[in-house]
Structures are given as structure tokens and as C-alpha cells.
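As C-alpha cells, the structure follows; a few thoughts come after it.
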Amino acid sequence: MIHAFVCLGSNLGDAEACLARARAELAALPGVTLGAASSLYRTEPQGRRDQPWFLNQVLRLDCDETVAAEHLLDAMLAKELEMGRVRDAADRFGPRVIDMDLLLFGNEEREGDPHLILPHPRMTERAFVLVPLLEIAPALVLPDGRNLAEILEKLDYRLEGSAIFQ
């Protein structure tokens, strides 16, 4: 069994319903079981501030040996499109109905392929990823041995209830 961690985000339409649908879609993939889901967090937009706040959540997906990282990522991208995600290269950090980021796939490390980099290259910069990730996997360390709790402690962020400011 391989544990994959995925971050979900939405700030258009009924964000809570979008995250619920994304969870169900991912759990229905062949060879994939939803292992854990964090609480929902309201998070301040990153990169582009003039947009609605996001609703974010991190999932642990338990994948059997038939699931490869690239296949999971491709399925996630297909589900985003089915749910109405429109990618705009000119507005990379703009609003979206759904966003699914593959954070970790077991202990795999990948570089050089812009389609799939593991661990996710910006996850350690984002409190909206680390806070919910550590909620469901408090002892998790990166494949290179770095402790996520220590990385989070170094970020400039504030958690107020379920709201993350960064």
C-alpha cells in the first residue's frame, strides 16, 4: 500500500460541495481508497490576493500496487476538467472551481519532468498545505528526512480557528 497525499482547493461556487465531490471522485478511482481527510480550512489566497478566500483540505489516499504516481496525477487532472476547472496560464494563481495537487506519493522523489515533481515543489512554503497535512499525518517526514512540523514552524502564518492567514 502506498500513501499518496493530495491537497484540494476551491474558491468558486459552492466550495464545500466541490471538495466533497473531489473526495468522492478520487475515492472511486480503481486501486484507490480514501484513507483520511483533514478538516476544511479557509485560507487567504496566495500569489493573487484580489479573489475570494479558498477552502482547502488534504487527503491521504491509500493506493494499491497497480497505481503509479503519474497515473494518479493524470486522473486528478482529468477530474479537475470534468468538474469545470479552467487553466489560464496568464492567471496561474487565480480563482478556480477545483484544484488538486499531488503532494507526496509514498517516498518517491522526482525532478526534471515538469508534469510530475515529487514532493510537490511548493508544499513546504504553504501553511494551507502543511497545517491540514500534519493534522492527518503528524509524524510525517519528507522523503529527504525533513520534518514537516519544523518546516511549518518557520513559516510566517497565523491559524485562527479554521482560518489560515499567510
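The values are calculated or read from the model by the stated rules, or taken from the named source; none is laboratory data. Source: prediction; values computed, not measured. Heads up, the Cβs are rebuilt from the backbone with ideal geometry, glycines too, and the neighbour counts pull from every protein chain shown. Only protein heavy atoms, including side chains, enter the accessible area calculation; ligands, DNA and RNA are left aside. Shrake-Rupley method; radii C 1.70, N 1.55, O 1.52, S 1.80 Å.
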Inset, instruction - Determine the share of the chain's accessible area contributed by carbon and sulfur atoms, expressed in whole percent, with a 1.4 angstrom probe. - result: 51
Legend entry - Residue of V58, V32, V67 that the Gaussian network model of the chain assigns the largest fluctuation, springs spanning Cα pairs under 10 Å: V67
Inset, instruction - Could you tell me which label, among (1) 1.27; (2) 1.07; (3) 0.97, carries the value of Cα Rg over 2.2 N^0.38 Å calculated for this structure? - result: (3)
Inset, instruction - Give the long-range amide H neighbours of R96: residues separated by 5 or more places, or on another chain, with amide H under 5 Å away, using H modelled in the peptide plane at 1.01 Å from N. - result: N11, L12
Legend entry - Over the chain: helical MRE at 222 nm, DSSP H runs n ≥ 4 each giving -39500 (n - 2.57), nearest 500: -8000 deg cm²/dmol
Inset, instruction - Please go through the range 1-79 and write out the trypsin sites (Lys or Arg not before Pro) that DSSP classes as loop and that have at most 13 other C-beta atoms within 10 Å. - result: R48, R49
Inset, instruction - Take the chain, connect every pair of alpha-carbon atoms lying under 10 Å apart with a spring to form a Gaussian network, then pick out the residue of E109, E150, E25 with the largest mean-square fluctuation. - result: E150
Legend entry - Loop trypsin sites (Lys or Arg not before Pro), the range 83-166, which have at most 14 other Cβ atoms in a 10 Å radius of their Cβ (DSSP): R87, R92, R122, R146, K154
Inset, instruction - Roll a 1.4 Å probe over the protein chains and send me the accessible area per residue for the range 18-166 in Å². - result: 50
Legend entry - Listed residues A137, A27, A78, most fluctuating in the chain (Gaussian network, C-alpha, under 10 Å): A78
